[in-house]
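Okay, so here's the structure we're looking at.
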Amino acid sequence: MYITILGAGPAGLYCGLLLKKANPSHHVRILERNPPDATYGWGVVFSDRTLAAFQEADFKSYKAITSRFVLWDAIDTYYRGELIHCSGHVFAGLARKVLLTTLQERCRELGVLLAFSTEVERLESLAPADLVIAADGVNSLARRTHEAAFVPRISPGTARYIWLGADKTLDAFTFIFKESEYGLFQVHSYPFSGDRSTFIVECAEDVWRRAGLEQASEQESIVFCERLFADELRGARLYSNNSKWINFSTLKCAHWHTGNLVLLGDAAHTAHFSIGSGTKLAMEDAIALANAIEQYPDLERALTEYELTRRPIVELLQGAAAESQGYFEHTQRFTTLPSAQFSFNLLTRSKRITYDDLRLRDPRYIEWVDRSFATCGSQTEQITFAPPPVFTSLALGGLSLSNRIVTQPSAERTWTAQAGAGLEIYGPLAVSADGRATPNQPGLYDADHSATLRAQVDSLHETSIKVCAVLNHAGRRGASRAPTASASLLDRPLVTGAWPLVSASALPYTPRSQTPSELTRDAMRAVIEQFTSAASVADARGFDMLLLHMAQGYLLASFLSPLTNQRTDDFGGSLANRMRFPLEVFAAVREVWPRQKPLGVALNCHDGVKGGLTLDDAVATAASLKALGCDLIQPMAGQTTPEASLPYGKAFLAPLAERIRTEVGMVTLVGGYITTTNEANTLLAGGRADLILMTPPSSRHATPQVKG
């Protein structure tokens, strides 16, 4: 087979040598626009898992590469003048130029033709080949030429970074966070030789502009960074290699091959440098492509198998990289966290590392995190031993919770009382008969039902569990049939026995739903009285805490969302107007609910529909609620309309809680399919939430089955 490879970076070289090694009869030619000794960037970093793949693919190049490695197993974080050390992370660094030279030599040894300083301006000018591999980087000529076939999508990042080198010897992957008169700067640095390190400086766009770096030359940028990080560099110098302040762009392609042309490495995809996976992904692509071509004689099937094999892996890494990139683009949000929570948040930012992972890697680090969490980051209060965060107590107003676990049982589960939760949520409880979602929904307006609550609350108090009531008015989602085993769908309107519905605007929830009446001002006052009356009953029945439901398309949420609030009076239009009625309800309940008992809000933070409520809106609403005396926010999302689409998954609501907690400074309760204490500890230790709503395990997994 005649094979032409565009680009002599790590991906192209490695793919070329693997193809030639697998079948010496292949004619493999690699074309590169730059000279053989030219490289942009400094070092590359690999994990131990990646090295195992290299060893299996080509042992000779693996030996040559690993013999030049700089190894380390720690991550150091400089934050608020403090050095935080965490070990147990195995990494290997190598000069990019050494990697390229090693792969070039191996290619020549196997008979791969290398043509450097060869500019390819048009694909049509290439000599005929059975297979063309585009390993020509993020600005790939091949991808641009066949853009309609590959359907690329490039998403530019919002931060600026510059890739520099330093004549400084490091023994750890090093993060530096430095406040300046212009704002926060951060450094990603790691060793790649005995006397050199990569030194990437990053900052937000507005910080970059305020610092005057928009107009700075390469040398002026180096001087600026040397001065800013003089304490950390300790006399070391910074160096440029065609270094410019740029935004990182994430590339995704709908397809990776067309005809006999296939994309490889950065030509097909990119992942943010903060997880160190660009070169790793490219070389693993090369392994997968070479294996597919060796395994399948039919070229189309080989290219299809390559794409099917690699795409899920790459997309998983890109997802982790996006999480990490988002963290570094908004690091300023987290600078209010104590040192332990800040560093833990940093280490777990991509969701690939958890509390239990770090406990295995560095038990002393986790012990320090636990002690800091137990003392709320206090430098003066010291304790020798501390429980994991999930089993740490929490004082919320005048309420003391024994741990951070929250449960909300469904009617058929009694799991929570046996699990030792610190708080149990009861409800939603309707504030009026017309505020019910279904005919059998319990409510505090019902004297018979509310009288039985006292005994239930008292029984939970005997197990040291505190109890929270959720007050709700269903609004346009009312008068629905209750889900059954045979019909589990929600919001099916009642056939008989329905009651009139109200909402912010006269819009039915589904095409089959009853059309609600637009709530009048007099009706608003009546609803406020219903909420305050229900709150008083909840207090009398012994509830320790109260949540007002302002989420998921119910009455109060229908005022907040522009999708459901189309009013033209003082309660519609701007966010400030849309908040008016929900804030009035909260303020009235705050007046009657005892101050020593926490009062919170379950708040929709995203509608999951274009043009709907956004997280920015939720942050503003949470700030207004805080000013009125709100003690806690439970972020929720979706269900404002049936068309909502959300990224459901493990702890999918955690980013919403983290944003409100860091920006508004509020206690947050987060749910979203959190099932293990490891997941809960990861969220708590990183300052992403304060309380965790746990999803009970299924009965077949709750208790181990022992056979004898």
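Summarising the label geometry, the points placed 7 Å from Cα in the beta-carbon direction at T675 and D522 lie 5.3 nm from one another. Of all stretches in the chain that contain no GluC sites (Glu not before Pro) in a DSSP loop with at most 13 other Cβ atoms within 10 Å, the longest one is 463-642. Estimated purely from DSSP H runs of n ≥ 4, each contributing -39500 (n - 2.57), the mean residue ellipticity at 222 nm for the chain is -11000 deg cm²/dmol once divided by its residues. R0 = 45 Å: FRET efficiency of E226 with Q55, Cβ-based, nearest 0.05? Efficiency for this residue pair is about 0.70. Placing dummy labels 7 Å off each Cα toward the beta-carbon, the span from E121 to A216 is 3.7 nm. Here the convex hull built on the C-alpha positions of the chain has a volume of 213 cubic angstrom per residue. Can you give me the C-alpha center-to-center distance between the range 534-559 and the range 82-97, rounded to a whole angstrom? The two parts, judged by their Cα centres, are 50 Å apart.
Counting heavy atoms of the protein chains alone, Y673 has an accessible area of about 130 Å² for a 1.4 Å probe. Sites listed here are trypsin sites (Lys or Arg not before Pro) in the range 75-184 whose DSSP assignment is loop and whose Cβ has at most 13 other Cβ atoms within 10 Å: R80, R122. Mind scanning K20/K351; K178/K597; K466/K650; K597/K650 and naming the pairs with a C-alpha gap bigger than 29 Å? Where the Cα-Cα span goes over 29 Å, the pairs concerned are K20/K351; K178/K597; K597/K650.
Add +1 for every Lys or Arg and -1 for every Asp or Glu among the other residues with Cβ under 12 Å from the Cβ of S180, and state the total. For residues surrounding S180, the net value is +1. Annotation: D195 carries an accessible surface of approximately 90 Å², with a 1.4 Å probe and no ligand, DNA or RNA atoms counted. If you take the Cα centroid of the range 7-61 and the Cα centroid of the range 178-213, the two points sit 30 Å apart.
Taking a straight line from the alpha carbon of K610, not one of the lysines sits under 20 Å away once near neighbours fewer than eight places off in the same chain are left out. Among residues other than T118 with Cβ under 9 Å from its Cβ, the summed charge is -1 (Lys and Arg +1, Asp and Glu -1).
The values are calculated or read from the model by the stated rules, or taken from the named source; none is laboratory data. Not measured: the values here are computed from a predicted model. Methodologically, a virtual Cβ is constructed for each residue, glycine included, from the backbone with ideal geometry; neighbour enumeration extends over all protein chains shown. All accessible areas refer to the heavy atoms of the entire protein, side chains included, with ligands and DNA or RNA removed. Shrake-Rupley method; radii C 1.70, N 1.55, O 1.52, S 1.80 Å.
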